[in-house]
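Taking it in order: structure first as structure tokens, then the write-up.
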Amino acid sequence: YCIAQPSAPQEKLQGLIDYACGVVDCSAIQPGGSCYYPNMIVSHADYALNQLYRYKGSCNLYIATITSINPSYGSCMYS
């Protein structure tokens with residue numbers, strides 16, 4: 001899994017979300033989606049980064065990190 005670094009700047013994470021959601025399906029982090037809550041930039045960035053990682057096969061290690069721990073929670077499932 002590719003998820004945001006806790007110390008990554010919010011504006012960088014928002015830029016990544018905007019980019020990733022133009023490339024991959026981010027419906028899960030849209031209002032009403034299974035990963036919308038918590039409605040926090042870092043949570044949405046985690047999902048967007050992982051979707052992009054699955055699609056492109058690379059993780060932006062400047063603002064993200066690779067983990068083997070599944071970040072899924074509640075009805076929000078990462079694949």
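Side notes on the structure shown:
- If the segment from residue 79 to residue 34 were pulled out straight at 0.36 nm per residue, it would be longer than the present Cα-Cα gap by 14.9 nm.
- Accessible solvent surface per residue of the chain, calculated while the other protein chains remain in place, 1.4 angstrom probe, Å²: 58 Å²
- From the C-alpha gyration tensor of the chain, square roots of 5λ in Å: 16, 14, 13
- Each peptide in 8-15, 41-48 receives the mean, over its residues, of other Cβ atoms within 10 Å, and ordering these scores from highest gives 41-48, 8-15.
The values are calculated or read from the model by the stated rules, or taken from the named source; none is laboratory data. What you see is a predicted model; the values in this text were computed from it and never measured. Cβ atoms come from the backbone with ideal geometry, glycine included; neighbour counts cover every protein chain shown. Note: accessible area is taken over every heavy atom of the protein model, side chains too, but ligands, DNA and RNA are not part of it. Shrake-Rupley method; radii C 1.70, N 1.55, O 1.52, S 1.80 Å.
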